[in-house]
1. Look at A:Tyr301 and say whether it is under 30 Å from A:Val95 (Cβ atoms) and either in the same structural domain as A:Phe76 (by TED's automatic domain parsing) or open to solvent by less than 60 Å² (accessible area, probe 1.4 Å) (or both).
2. Look through segment B:236-256, keep the residues that are touching a residue at least 40 places away in the same chain (Cβ under 8 Å), under 24 Å from B:Asn37 (Cβ atoms) and open to solvent by 10 Å² or more (accessible area, probe 1.4 Å), and return whichever of them is nearest to the chain's Cα centre (by Cα).
3. Among what's in segment A:54-69 and is assigned to a loop (DSSP other than H, G, I, E, B) and not small (Gly, Ala, Ser), pick the residue that is nearest to the other protein chains (Cβ to nearest Cβ).
4. Would you mention how many residues in segment B:142-164 are within 11 Å of chain A (Cβ to nearest Cβ) and in a helix (DSSP H, G or I)?
5. Identify the residue in segment A:110-130 that is open to solvent by less than 10 Å² (accessible area, probe 1.4 Å) and within 15 Å of the chain's Cα centre (by Cα) and, among all such residues, is nearest to the other protein chains (Cβ to nearest Cβ).
6. Cβ contacts < 9 Å: first residue under 9 Å from B:Phe166 (Cα atoms) and within 7 Å of chain A (Cβ to nearest Cβ), restricted to segment B:30-41; second residue assigned to a helix (DSSP H, G or I) and among the hydroxyl-bearing types (Ser, Thr, Tyr), any location; separation 6+ or different chain. Result?
7. Note down all Cβ pairs under 7 Å where the first residue falls in segment A:299-327 and is over 28 Å from A:Gly418 (Cα atoms), the second is part of a loop (DSSP other than H, G, I, E, B) and open to solvent by 20 Å² or more (accessible area, probe 1.4 Å), and they're at least six residues apart or on different chains.
8. Quick one: count up the residues across segment B:280-324 that are touching a residue at least 12 places away in the same chain (Cβ under 8 Å), of a type outside the set (Ser, Thr, Tyr) and within 11 Å of chain A (Cβ to nearest Cβ).
Amino acid sequence: MKIRTKPGGVLGIVAMASIVALSLSGCTRGGSGQGGGSGASPGITDTSITLGITTPLSGATAGPGTCTVAGVSAYFGAVNAAGGVKFGDGKTRTVTIKSYDDAYDPQKSLANFQQMVSDNVFAATAGLGTPTNRAYRDAAISEKFPQVLVMTGDPLFSDQKQSPWQLGFVPIYQNEGAAFGKLLAASKDQHKVALLSQNDDYGKGYVSGFKEAIKDASNISVVGEQTYEATDTSVDAQLTQLASSGADVFFNAMSVTPLTIAALQKAQQIGWKPSWFLPSNTSSPTAILEPGGAAAYPGIYSVSFAKAPQSPAFAKDPDVVKFLSELKQYGNYPDMPAFPHCMWSYMVGATLEQAFKNMTSPTRDSFMTALRNIKGLQAPLMLSGTSIDTTVDGQPAVSSVIVQKYNGKGYATAENFG
Amino acid sequence: MSTVSPVLRNRSARIALTVVVAIALIAAPLLLPAFANQTLVRIGVYAVAVLGLNIVMGYTGQVNLGQIFFVGLGAYVTAYGVNHGWNIIVVFVAACAIAGIVGLLVALAAARLGGLAIAMVTIALPIVGVPLAKRLSEFTGGSQGISARFSDAPDWSGLYSDQWQFYIVLLVTAAAFLLARSLVQGKYGRAFGVVRENEAVAASMGVSPYRTKVLAFTIASILGGASGFLYLAAVQYTSPETLSFGHSISLLAAMVIGGAGSIAGSLIGGAYYVFVPQLTNAIDPSFTTLSQGAILLVVLFLLPEGLVSLPRVIRRLGRRRTARPTSGNPPQTAPAHHPVPEAAREGLENTERQDRP
């Protein structure tokens with residue numbers, strides 16, 4: 001028992017510690033993490049480029065989150081199978097996608113970003129969520145790490161001065177609200193509008209976009225305005241209040257799926273049947289409108305810039321057919337996509353490919369320059385009338401949306417209201 | 001800790017070990033790659049939160065499901081203070097103090113309730129906290145959250161930001177752990193233990209269960225606030241998502257897995273909270289929840305007292321293995337070997353929960 005004497009014990013520990021310290025010093029950082037002798041940024045070689053996606057793959061937002069990975073993987077899976085992307089510097093590279101689950105937790109998305117840096121990822125893309133993208137925005141800027149075509153309606157990501165290494169992909173909330181407001185203002189009839197909005201930047205964004213668009217329209221009057229909290233479990237009180245205003249148009253800026261279904265059902269029960277406007281992320285025909293019994297209303301309007309694969313109008317569309325087969329083959333997503341994020345991230349793939357084709361040297365700088373110079377790109381699955389435009393400061397890559405009307409199965413473009 | 005208990009019994013060896021650990025901790029960020037530092041920083045953040053939870057749950061036996069609320073509160077106070085140009089020491093004190101005061105007020109009411117009622121009150125905190133954080137947008141930045149950068153390395157230091165953050169976190173975490181260790185080894189630690197075991201006995205011994213519970217709860221909140229400060233040092237951003245209820249449960253799981261009623265277990269719990277998502281991400285990012293659940297079950301099944309009991313279990317297994325072949329002739333080995341681990345086990349319990357001379 002007492003073989004180990006004092007000095008031996010102490011010496012042993014010191015010896016061990018110095019061995020550990022010496023072996024650790026082997027992994028001291030070299031330079032600022034810039035890899036490759038040819039001046040190439042990390043994550044890009046002569047034959048491949050690595051992209052990272054941090055997005056919720058578990059938890060409440062896992063459905064759309066999984067779609068963001070599936071769409072990009074599907075697009076580049078097919079591109080890789082065809083040989084890869086011919087970059088602007090003349091080399092052909094394949095695209096590797098690394099996905100990371102952040103469970104919609106900002107702290108985890110930052111951890112994932114740090115992991116990406118240590119995994120030598122070239123750029124982060126397509127990740128879903130405002131808080132999760134914001135959590136590593138500062139870190140990405142100081143690391144000069146592109147965080148592009150992310151799925152958030154937060155305008156901050158499209159402000160070039162504040163976010164030099166960022167670019168949002170989907171339309172900001174105001175874009176969507178304004179599109180519907182414009183359609184309504186162009187109508188010849190008088191309309192009374194009731195507004196219900198989530199009491200945060202999401203709801204406020206929609207409402208301000210809408211109000212801006214109807215500002216000069218004399219035929220539109222807002223007769224009722226209510227808000228609710230994202231954590232509320234019922235909006236029955238607000239609906240009853242708004243129903244009594246006699247509005248014939250109901251602008252419902254709601255982001256919570258079960259609440260939207262409940263609202264669709266409740267308004268019918270109390271005999272209020274206006275035309276509805278729903279945001280793009282809570283207007284899914286199968287997940288929301290069918291269970292909500294939306295056929296009872298004169299019209300359900302939403303906005304979109306993507307062809308909906310569920311819609312009979314697009315069932316035979318070549319883009320849609322190609323997309324669905326690639327999604328199954330390369331995206332590990334065998335079902336009909338239940339969320340538009342699958343289509344959106346597929347378009348992200350196409351936009352990135354365009355930027356790759358235009359980048360003249362294998363650096364992040366060159367990539368950002370190429371990415372910010374895409375104009376008029378009609379990515380696959382985009383509705384006619386919308387396009388990718390990354391050149392406008394303050395606007396995301398897609399800022400044009402088309403108002404659509406529900407036809408009992410899917411959506412069809414609405415030329416005018418009514 | 002208990003693996004080195006024979007060495008620890010030796011005073012000078014213990015001092016030497018402490019010095020070596022201190023030197024290793026101070027030298028580590030200079031040698032390690034950035035990602036390792038960033039990971040260690042996050043471990044520090046959550047170790048402090050788990051430590052607070054351990055004081056109130058592990059040591060005092062009161063169910064607290066709201067610890068993440070105090071982490072979030074500390075983070076928001078820090079963000080507010082930093083963005084208003086307060087001195088960083090003031091910010092730190094405010095983060096701890098405001099979380100502590102809120103914790104005290106809640107505890108004054110909640111500790112009057114027995115058993116599960118306290119759990120209910122603490123559940124309410126994060127549930128109220130999230131909409132509150134969204135509403136009070138002039139303080140919290142609403143649902144978009146709020147950024148505050150104070151932990152970038154200053155130019156004069158010549159360090160990288162991850163190294164600088166490591167030192168900030170190391171300072172606060174080490175102080176928190178040393179203070180908590182002295183606390184639970186002293187008379188308050190004994191009071192916590194008695195209240196946990198039997199409140200009637202505690203009262204008969206002149207220890208007020210109510211005051212003890214309020215004290216434990218307040219200390220947990222202060223540590224939560226400190227953890228929130230560190231959260232902002234590490235993440236530089238906070239949003240209502242930070243204090244969502246699910247994370248409170250994850251913290252609880254981390255505490256149980258690390259080892260309830262153990263200071264070292266809190267550190268392990270913090271490491272678990274950070275490492276497991278990273279590990280499951282590396283396995284397959286599409287199945288993180290599934291593999292996290294599996295890991296949780298495996299650990300609890302094999303080590304019901306937490307990871308901190310691992311050395312003890314290994315020793316017990318080792319003893320069983322060496323004892324079995326010689327069982328035919330026990331007097332030679334068994335008496336010599338048997339009492340030692342038993343004593344070490346007892347010794348561990350003493351050091352963890354009560355005082356040591």
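The values are calculated or read from the model by the stated rules, or taken from the named source; none is laboratory data. On a predicted model such as this, the values are computed, not experimentally measured, just so you know. Please note: Cβ atoms are built from the backbone with ideal geometry, for glycine as well, and neighbour counts cover all protein chains shown. Heads up: the accessible areas ignore ligands, DNA and RNA and are worked out on the full protein's heavy atoms, side chains in. Shrake-Rupley method; radii C 1.70, N 1.55, O 1.52, S 1.80 Å.
1. Values: under 30 Å from A:Val95 (Cβ atoms): no; either in the same structural domain as A:Phe76 (by TED's automatic domain parsing) or open to solvent by less than 60 Å² (accessible area, probe 1.4 Å) (or both): yes.
It is false that A:Tyr301 is under 30 Å from A:Val95 (Cβ atoms) and either in the same structural domain as A:Phe76 (by TED's automatic domain parsing) or open to solvent by less than 60 Å² (accessible area, probe 1.4 Å) (or both).
2. B:His247
3. Among those residues, the one meeting the criterion is A:Leu57.
4. Qualifying residue count for the region: 6.
5. Per the stated criteria, the residue is A:Gly129.
6. These pairs meet every condition: B:Gln38/A:Ser118.
7. That search, which allows pairs on different chains as well, returns A:Asp319/A:Lys307; A:Asp319/A:Pro380; A:Val320/A:Lys307; A:Phe323/A:Pro380; A:Leu327/A:Tyr333.
8. Of the residues in segment B:280-324, 1 are touching a residue at least 12 places away in the same chain (Cβ under 8 Å), of a type outside the set (Ser, Thr, Tyr) and within 11 Å of chain A (Cβ to nearest Cβ).
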